[in-house]
Amino acid sequence: MKCDESIKNRIKRTQGQMQGVLSMMEQEHACMDLVTQLKAIRSSIDTVIGILTTNNLIQTIEQVNDIKLKNIDEAVHLVVKGMK
């Protein structure tokens, strides 16, 4: 599957958030602060999953049918947003 650069950037940001949580743990931050950050990470991962699966669906449809889907970004956004 061909992954868009924005997907890779989202994963890198999530990776940075995870490093931040580890740092917060080492600094003994409050549990609620950790939970808040972990929820943000989970939301980010859920969004990436939604984007990946919809992009894979689009790529499969385009390859199988030898077509190029246009103006589908808004629909993908609605699908990904609806997954949360």
For this session: Scan region 33-40 and give yes if some residue there is exposed (fewer than 14 other Cβ atoms within 10 Å of the Cβ), aliphatic (A, V, I, L, M) and modelled with pLDDT under 90, otherwise no.
Result: no
Exercise. If you scan region 46-58, which residues turn out to be surrounded by 13 or more Cβ atoms within 10 Å (Cβ to Cβ) and within 8 Å of the chain's Cα centre (by Cα)?
Worked result: Asp46, Thr47, Val48, Gly50, Ile51, Leu52
Exercise. Can you find even one residue in region 59-77 that is part of a helix (DSSP H, G or I) and within 13 Å of the chain's Cα centre (by Cα)?
Worked result: yes
For this session: Write out, first by first residue and then by second, each pair whose Cβ atoms fall under 8 Å of each other, whose residues are 6+ apart or on separate chains, and whose first residue, in region 55-72, is farther than 23 Å from Lys8 by Cβ while the second is among the aliphatic types (A, V, I, L, M).
Result: Ile67/Ile61
Seminar exercise, completed: Among the residues of region 51-71, the number that are of a type outside the set (S, T, N, Q) and under 18 Å from Glu5 (Cβ atoms) is 3
For this session: List every residue pair whose Cβ atoms sit under 7 Å apart, with the two residues 6 or more apart in sequence or on different chains, where the first one lies in region 3-25 and is touching a residue at least 60 places away in the same chain (Cβ under 8 Å) and the second, anywhere, is loosely packed, with under 10 Cβ neighbours inside 10 Å and part of a helix (DSSP H, G or I).
Result: none
Exercise. Of the residues in region 21-32, how many are loosely packed, with under 13 Cβ neighbours inside 10 Å and part of a helix (DSSP H, G or I)?
Worked result: 6
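The values are calculated or read from the model by the stated rules, or taken from the named source; none is laboratory data. Note that the structure is a prediction, hence the values are computed from the model and not measured. Reconstructed Cβ throughout: ideal geometry from the backbone, glycine too, with neighbour counts over all protein chains shown.
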